[in-house]
Amino acid sequence: MLRQGLSKAVARPWNRDVDEAHLALIRGGPGFLAECGAELRSLGAPAVSSPPLPEHAAGPWVEAGYRPAESLEVFSRDLSERIPEAERPTRVIRHPDWQAIEDLDRPAFEPRWRLDTEGLRDAFSATPVAAVIVTGEPEPVGFAIVGQGAIAGYLQRIAVVPDRQGEGFGRALVRASLQWAKRRGARHMLLNTLPGNSAAAKLYGDEGFERIDDELRLYRYA
Ligand SMILES: CC(C)(COP(=O)(O)OP(=O)(O)OC[C@H]1O[C@@H](n2cnc3c(N)ncnc32)[C@H](O)[C@@H]1OP(=O)(O)O)[C@@H](O)C(=O)NCCC(=O)NCCS
């Protein structure tokens, strides 16, 4: 936790493989963000990255000297439309074993985009209500983290281990996540993905998601 007066931010390692820091701003302006960046650099982080931010939230970061880095595409799915049944078994995990979830996440993503247990917990805590859904029996082969905000659901994370991809587990996780959010009253489901992730984009398109104009971007202090 970084604090200065009323300003507050939370920093964590990017992940086990990439030697950078992740910084989430809770309260504060550009001066504080610049100090956080400098402080984390002085502690040895070669770079400090923001969470994915919409353009309207980027101002203080840019003013603080953070530079635009990767952009992410945003997809939305109307939940009033019918959601087909998942064709693979899925179940909601009440008390996730975060290490076991990380073990599923790790092989599915290239090093930069892996989440370790702290990052997965962050994704889970990003909304007031959230669930981890797993698929595969007896041992899980994939998981989704889905959250619920005021009117939107958020598919925060989805992954299937590489040697079980292409067998319908990803589709089942998407459907189970849509159903979970719809049951809780969400009107639509949002998610973001890296441009060029054609497997994911194809799956989301098939399951009724449409790309929307919004874009999210990471900002990096280096
Ligand atoms: C995206 C992901 C979760 C899909 O899971 P999956 O179990 O492989 O998906 P499914 O078997 O249910 O396939 C669903 C559809 O995805 C698409 N798809 C899956 N693998 C694909 C590939 N290698 N290339 C192109 N499309 C592919 C196809 O449209 C497929 O439907 P089809 O089999 O009817 O053609 C999985 O590929 C994954 O974990 N990727 C790495 C992590 C990741 O990118 N997560 C999403 C971040 S936004």
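The values are calculated or read from the model by the stated rules, or taken from the named source; none is laboratory data. Owing to the predicted nature of the structure, the values given are computational and were not obtained by experimental measurement. Neighbour counts run over all protein chains shown; Cβ positions are idealised from the backbone, glycine included.
Among the residues making up the stretch 144-170, those that are modelled with pLDDT of 95 or more and either more than 18 Å from the chain's Cα centre (by Cα) or part of a loop (DSSP other than H, G, I, E, B) (or both) are VAL161, PRO162, ASP163, ARG164, GLN165, GLY166, GLU167, GLY168, PHE169. Taking (1) within 19 Å of GLU85 (Cα to Cα); (2) more than 7 Å from the ligand (Cβ to nearest atom) in turn, ASP163 satisfies each apart from (1). Residues in the stretch 144-160 that are more than 6 Å from the ligand (Cβ to nearest atom) and surrounded by 20 or more Cβ atoms within 10 Å (Cβ to Cβ): ALA144, ILE145, VAL146, GLY147, GLN148, GLY153, TYR154, LEU155, GLN156, ARG157. Just one residue in the set TYR204, TYR221 is surrounded by 23 or more Cβ atoms within 10 Å (Cβ to Cβ), over 17 Å from the mean Cα position of the chain (by Cα) and not polar (S, T, N, Q); that residue is TYR221. The lone criterion from (1) crowded, with 19+ Cβ neighbours inside 10 Å; (2) more than 11 Å from the ligand (Cβ to nearest atom) left unmet by GLY170 is number (2).
Counting only residues that are of a type outside the set (A, V, I, L, M, F, W, C), surrounded by fewer than 21 Cβ atoms within 10 Å (Cβ to Cβ) and within 20 Å of LYS8 (Cβ to Cβ), the stretch 53-70 holds 4 of them.
Residues in the stretch 19-34 that are farther than 22 Å from PRO46 by Cβ, touching a strand residue (DSSP E or B) at 6+ places or on another chain (Cβ under 6 Å) and not in a strand (DSSP E or B): GLY28 alone. For beta carbons closer than 7 Å, sequence separation of 6+ or different chains, a first residue in the stretch 188-214 that is more than 20 Å from PRO84 (Cα to Cα) and a second that is in a helix (DSSP H, G or I) and not charged (D, E, K, R), the qualifying pairs are THR193/ALA200; THR193/ALA201. Out of curiosity, is GLY185 under 26 Å from ARG12 (Cβ atoms) and either surrounded by 15 or more Cβ atoms within 10 Å (Cβ to Cβ) or not hydrophobic (A, V, I, L, M, F, W, C) (or both)? Criteria not met by GLY185. Test ARG211 against the stated conditions and say whether it is over 19 Å from PRO107 (Cβ atoms), buried (at least 17 other Cβ atoms within 10 Å of the Cβ) and within 16 Å of the ligand (Cβ to nearest atom). Judged against the criteria, ARG211 is not a match. When the criteria are applied in full, ARG114 fails the requirement of being more than 12 Å from the ligand (Cβ to nearest atom) and modelled with pLDDT of 95 or more. Residues in the stretch 97-143 that are free of Cβ contacts under 8 Å to residues at least 24 places away in the same chain, of a type in the set (Asp, Glu) and either in a loop (DSSP other than H, G, I, E, B) or crowded, with 16+ Cβ neighbours inside 10 Å (or both): ASP97, GLU102, GLU110, GLU139. I want to confirm something. Restricting to the stretch 71-96 and keeping residues that are touching a residue at least 60 places away in the same chain (Cβ under 8 Å), crowded, with 17+ Cβ neighbours inside 10 Å and over 16 Å from the mean Cα position of the chain (by Cα), which single residue is farthest from GLY28 (Cα to Cα)? Per the criteria, the residue is ARG88.
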